[in-house]
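Only one structure is covered here, and it is reproduced in the block below.
The values are calculated or read from the model by the stated rules, or taken from the named source; none is laboratory data. Keep in mind it's a predicted model, so treat the numbers as computed, not measured. So basically every Cβ, Gly included, is an ideal-geometry build from the backbone, and we count neighbours across all protein chains shown. Each accessible area value is taken on the protein alone, full model and side chains, heavy atoms only, with ligands, DNA and RNA left out. Shrake-Rupley method; radii C 1.70, N 1.55, O 1.52, S 1.80 Å.
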Amino acid sequence: MAYTKRLDGRKQKECREIVAQAGVIKNADGSGYFKIGNTVAYAAVYGPRALFPKRVQDPSTGILRCNYNMMPFSGMGSRVRPGQNRRAKEISMVTEKALLPVLDLKEYPNAVVDVFIELTQTDAGSRCAGICAASIALADAGVPMKDLVAAISVGSVDGTLVVDLDYQEEAYEEGEEGVADIPIAYIPSTQKISLLQMDGEITKEKLIEALEMGKEACEEIITVQKKALKEKYNL
Amino acid sequence: MGKLLVEERKVVVPGEHIAEGMDYLPAQWTYRKGDNILAGRLGLLAVNGRALKIIPLSGTYTPKKDDVIIGKVIDVAMSGWRVETNSAYSAMLSVRDATSEFISRNADLTKFFDLGDYLVAKIVKVTSQKLIDVSTKGPGLRKLYGGRVINVNCNKVPRIIGKQGSMVSLIKNSTGCKIIVGQNGIIWLSGSPDQEVIAIETIKKIEKEAHVSGLTEKITAYLEKKCKNKPAVMPEEDSEENSEEKPAAKPAANKKGEQ
């Protein structure tokens, strides 16, 4: 039997509940909080600030440094080993590349903007939540940027296209067609995708359709992010 | 016909559509995309005729020519000092810009400015690579002795100073503190300890409520209430301003203001 009804009763195109907030970390130059379902991400931005060692400086532009980290207690029961690992390094790198197209750091040669993303709770879609939080934090920090970035995972569970997979769906094993999990990041003003990864298999037609669903969901997320930022400043 | 999509003085976020049509022009921190004008940074929208610009609300200090800043000496070089500016870049204070008095070639530069000293300096030059030259030659530019140093959001500095310095002189007069506000968001104050605390509290209040209109009245009332119990030791402090020229006993250690 195909996957007709989602495990948590959501509609196909329905995201989990989203909560966003700006300015949650007072010591940082900018910060953001993004919660989608049971996945919770905090992001703190420092800078633009001086960058050392000197050999990593870029005289033509400022650079962006992201750091993705899952907290030891953030998993589902078992302890996540703290610190850097191959997965965290890769996600840090793709986060950087997802955010960089909107940033304008030309005015800050030799400097760095540091983004620290911490996940206190994870239930799939953590890199997407991280990007959303980081985007809020960067805007809050007053970094020149052309647009906000929203991110969401789309995919197919046993042949059915869904938006915002949770862990249960990601690990769904009953079907014959398997699961495809596709995290995307989207820039609304240019309608471009700045992150596209995939686990599993999907047909070309379904991929195109899934991406369209993802874009729609991202537009929704952008409005939540904008609201969070405005709430902080419209006292 | 162009249309403004956001009211003036409202908060805009990056990527937000501000206006439609070619009647409006993008200015600072806004950009044109097709027919629309979008925000390139978080801040308040300011409409100036046809030009749309954004007044930033957050962000670190960007050095600008002619800004008067408060810096800290972090290094002593062959022919000058390196000064921290509370931005991503440090500034250079060369001997020739430091003082009009004669400094011999092999003089010990720490006699003039030592590591950790705070000074009021003016930015004389900023290059495209953000190399900064500062000067301490000029009225009001000098080394700071004693007092305390606090940090504020540099985007709120104009509000703290007020029109023609109205806000800062209000605080000066009610607390009797000497206050110097640097454009880079570093503020130096010196007075009696309890008055210093009141001054800091007031500055923090202004920083927090910078968007409120009629702030001056509010702060006047606040200061009156605060200073009622302990009337400020007023004018004589002001006349002392000039006597500072005489070498102070010893450059007192600068305390970082409490956060």
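Of all residues in segment A:201-216, those being open to solvent by less than 80 Å² (accessible area, probe 1.4 Å) and among the charged types (D, E, K, R) number 2. The single residue among A:Leu64, A:Leu7 that is within 14 Å of another protein chain (Cβ to nearest Cβ) and of a type in the set (A, V, I, L, M, F, W, C) turns out to be A:Leu64. Checked against the criteria, A:Glu219 counts as open to solvent by 10 Å² or more (accessible area, probe 1.4 Å), within 14 Å of chain B (Cβ to nearest Cβ) and within 18 Å of A:Gly125 (Cα to Cα). If you take the residues of segment B:118-162 that are under 26 Å from B:Ala210 (Cα atoms), in a loop (DSSP other than H, G, I, E, B) and within 14 Å of chain A (Cβ to nearest Cβ), which of them is most open to solvent (accessible area, probe 1.4 Å)? In this case the residue turns out to be B:Asn153.
Scanning segment A:69-84 for residues that are under 19 Å from A:Gly37 (Cα atoms) and either small (Gly, Ala, Ser) or in contact with a helix residue (DSSP H, G or I) (Cβ under 8 Å, 6 or more places away or on another chain) (or both) gives A:Asn69, A:Met70, A:Ser74, A:Gly75, A:Met76, A:Gly77. Only residues that are out of contact with any helix residue (DSSP H, G or I) (no Cβ under 9 Å at 6 or more places or on another chain) and either charged (D, E, K, R) or buried (at least 16 other Cβ atoms within 10 Å of the Cβ) (or both) were counted in segment B:74-98, giving 13.
For segment A:112-141, a residue qualifies if it is within 14 Å of chain B (Cβ to nearest Cβ), farther than 19 Å from A:Ser189 by Cα and either open to solvent by 10 Å² or more (accessible area, probe 1.4 Å) or touching a Pro at 6+ places or on another chain (Cβ under 8 Å) (or both), and the qualifying residues are A:Val112, A:Val113.
Out of B:Gly71, B:Gly59, B:Gly15, B:Gly43, one residue alone is buried (at least 20 other Cβ atoms within 10 Å of the Cβ) and either out of contact with any strand residue (DSSP E or B) (no Cβ under 8 Å at 6 or more places or on another chain) or among the basic types (Lys, Arg) (or both). It is B:Gly59. For segment A:89-101, the criterion of a residue being at the interface with another protein chain (Cβ under 10 Å from one of its Cβ atoms), closer than 18 Å to A:Ile221 by Cβ and open to solvent by less than 10 Å² (accessible area, probe 1.4 Å) is satisfied by no position. If you go through segment A:222-235 and keep only what is open to solvent by 60 Å² or more (accessible area, probe 1.4 Å) and either hydroxyl-bearing (Ser, Thr, Tyr) or more than 12 Å from chain B (Cβ to nearest Cβ) (or both), you end up with just A:Thr223.
Report the residue count in segment B:171-230 for those that are more than 18 Å from B:Val157 (Cα to Cα), open to solvent by less than 10 Å² (accessible area, probe 1.4 Å) and part of a helix (DSSP H, G or I). So the count comes out to 3.
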